[in-house]
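A.B. asks: Could you have a look at this structure, given as structure tokens, before my questions?
The values are calculated or read from the model by the stated rules, or taken from the named source; none is laboratory data. Model, not experiment: these values are computed from the prediction. Here the Cβ positions follow ideal geometry from the backbone for every residue, glycine too, while neighbour counts run over all protein chains shown.
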Amino acid sequence: MYDVIIVGAGPAGITAGIYAKRANLNTIIFEKETIGGQISSSPLVENFPGFHSISGANIANNLYEQAESLGIPIEIEEVLNIIPGKPNKVVTDCGEYETKTVIIATGSKYRLLGLPNEIDLIGKGIHFCTSCDGAFFKDKDIAIIGGGNTAVTNAIYMANIASKVYLINIGDRLTCEKTLEDKVKKLDNVDIILNTGVKEILGSEELEGIILTNDQKLNISGMFISIGMSAQTDMIKDTIELNEQKYVVSDDCSTNKDGIFVAGDCRTKDVRQLTTAVADGTIAAISAMKYIENNK
């Protein structure tokens, strides 16, 4: 039986694994796709303490190497279900495992437009986080896709960096708060395009432009997709309390089930950044240690 099973090998999950392993807990991490999570696709990170600048791929590689040096096994298996109990059970596509505690660190994913070339150009002109990657587009023309609070906030932010910002929303109006709408409409370098979506993405090695559903072509260097995120929590939808957006309900990295904890972007929180993910991993691991100690 394991002391700790961690689901997800992103910054939150590997941080939790480091703390658990250093406490001599029998620990394993399951990951279904990419070690390092979303950050691995970011070309440059400049807001992580200790590094003036570093690529997301290098962060992911460093995380993996640190876990490996500590002897933390990372198995590429998809977790299909988590069954609460004493012991808890984790069911993957390769088997069933018993554990005293579980840390869910499955993260969330940005919603995509579903167009050809889109995935290939992530990090090569297509981005999601303006505070992370906006500086790459100083004095360039860019587009923000979406009409909610996040999209409009991103447009306002990028108006101070980019030369031109196109705010493109498929609906007939912006759905953000009125104060944000009023603010963005006052910006001279922001063009709001409504009732329109993106029909085609241009470029093979990097983003060269887009064609809208009204056939308008925009020669842009960057596009930030801001149409929401999806928590990766389908495997626990019947066992762990989720909110309407499928995020794990948690204020302190605990869940509604004893011995099951959560860390990172898949839980309810206001700020989803690399720094908050590793903080969650620390808190969840220490909480798991205390749970094990109190239930000997």
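A.B. asks: Mind checking whether some residue in segment 5-18 is over 20 Å from ASP265 (Cβ atoms) and surrounded by 14 or more Cβ atoms within 10 Å (Cβ to Cβ)? Step through it out loud before you land on a result.
C.D. replies: Just the residues of segment 5-18 that are over 20 Å from ASP265 (Cβ atoms), to begin with: none.
No, that holds for no residue.
A.B. asks: Of all residues in segment 99-133 being hydroxyl-bearing (Ser, Thr, Tyr) and assigned to a strand (DSSP E or B), which is surrounded by the fewest Cβ atoms within 10 Å (Cβ to Cβ)?
C.D. replies: Going residue by residue through segment 99-133, those that are hydroxyl-bearing (Ser, Thr, Tyr) are 99, 101, 106, 108, 110, 130-131.
Among the residues that remain, those that are also assigned to a strand (DSSP E or B) are: 99, 101, 108, 110.
Details: THR99: 23, THR101: 27, SER108: 21, TYR110: 17.
Once the filter is applied, the top-ranked residue is TYR110.
A.B. asks: Go through the residues of segment 49-71 one by one and say whether even a single one is at pLDDT 95 or above, touching a Phe, Trp or Tyr at 6+ places or on another chain (Cβ under 8 Å) and either under 21 Å from ARG267 (Cα atoms) or surrounded by 14 or more Cβ atoms within 10 Å (Cβ to Cβ) (or both).
C.D. replies: No: segment 49-71 contains no residue that is at pLDDT 95 or above, touching a Phe, Trp or Tyr at 6+ places or on another chain (Cβ under 8 Å) and either under 21 Å from ARG267 (Cα atoms) or surrounded by 14 or more Cβ atoms within 10 Å (Cβ to Cβ) (or both).
A.B. asks: Could you tell me whether GLU75 is assigned by TED's automatic domain parsing to the domain that holds CYS94, acidic (Asp, Glu), in contact with a strand residue (DSSP E or B) (Cβ under 7 Å, 6 or more places away or on another chain) and surrounded by fewer than 19 Cβ atoms within 10 Å (Cβ to Cβ)? Full working, then the answer.
C.D. replies: Values: assigned by TED's automatic domain parsing to the domain that holds CYS94: yes; acidic (Asp, Glu): yes; in contact with a strand residue (DSSP E or B) (Cβ under 7 Å, 6 or more places away or on another chain): yes; surrounded by fewer than 19 Cβ atoms within 10 Å (Cβ to Cβ): yes.
Yes: the conditions hold for GLU75.
A.B. asks: While we're here: May I ask you to list pairs of residues, at least six apart or on different chains, whose Cβ atoms are under 6 Å apart, with the first in segment 16-40 being in the same structural domain as GLU68 (by TED's automatic domain parsing) and the second being of a type in the set (Gly, Ala, Ser) and surrounded by fewer than 19 Cβ atoms within 10 Å (Cβ to Cβ)?
C.D. replies: Listed by first residue and then by second, the contacts come to SER40/ALA57.
A.B. asks: Shifting gears a bit: Might you let me know whether segment 37-51 holds any residue that is among the acidic types (Asp, Glu) and part of a loop (DSSP other than H, G, I, E, B)?
C.D. replies: If we filter segment 37-51 for residues that are among the acidic types (Asp, Glu), which is where we start, we get 46.
From what's left, part of a loop (DSSP other than H, G, I, E, B): 46.
Yes, some residue in segment 37-51 is among the acidic types (Asp, Glu) and part of a loop (DSSP other than H, G, I, E, B).
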